[in-house]
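Below is one structure, written out as structure tokens; the observations come after it.
The values are calculated or read from the model by the stated rules, or taken from the named source; none is laboratory data. Quantities reported herein were computed from a predicted structural model and do not represent experimental measurements. No Cβ is skipped: glycine too gets one built from the backbone with ideal geometry, and neighbour counts run over all protein chains shown. Remember, those area values only see protein heavy atoms, side chains included, never the ligands or the DNA or RNA. Shrake-Rupley method; radii C 1.70, N 1.55, O 1.52, S 1.80 Å.
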Amino acid sequence: MGLYSKLIAKPLDSLDQQTGKIFKNLFYFVFKIASLGIAIYGAYLLVSGLLGKTGYLTMLKSLDSFDLVRSIICLIFTFTISAGMFFSISAIFWKRANDFKTREFGGAVFLFPRFIKILGEAIAVIPVSAALISFFAIILSAIPYAPIESLGNLAGSIGSTMVNEFIGNTFAAVFIETASDYFQLLTDGFIGLITGFFMSIGVLFGTYIIAELFEIVIYFLIRKPLYN
């Protein structure tokens, strides 16, 4: 009976009395782990993509002087953007994990819309990062260093398509032959940059709308005023 009380009765009683708190702690640890996982995985992608027989540094060895200079400059810009993207997503998860400890959400059911908003905040970083990588690659007419492609694949078919929309087209920059070709691709780069920013805003806005509609339904069902 003592074992039953400790392992079954007390945990269930605690769950009944403070369901929201228990799930807040669960989300806290999930997002802390996710934050560390993204940071570690991002660091791995940033380094591994440079090395090996098919790595970016190996590719640089096959270029002539002018192409080499452009590619090195492109590497600096696109590596920095990629690192900033991984850091931003990791920092978002870390910050929002702390929010589960310090903010009151009003019960377990209200944690779901909060979860949707956090995912939206993290995903919104990807399109603008991909657009910036594409833009600098086009300006420099060089192949970008884009470990972001692996993150897009990790996010599934939608994430992969979203990243390839920007990154895939930039590889045409190395085949530019005339000034007309360059300015046409540069125009596409500016359009892509604007598209990426609006896509990020759209992802953020869309997920917040979905989450807040979900909250409105909850407030309606429990007959509680939405705003005090």
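Given the C-alpha centroids of the range 58-85 and the range 88-130, what is the distance between them in whole angstrom? If you average the Cα positions of each part, the centres end up 33 Å apart. Among I222, I118, the sequence by solvent-accessible area, most first, with a 1.4 Å probe is I222, I118.
Here the peptides 97-104, 43-50 are ranked by packing, the mean other Cβ count within 10 Å, and the order with the highest first is 43-50, 97-104.
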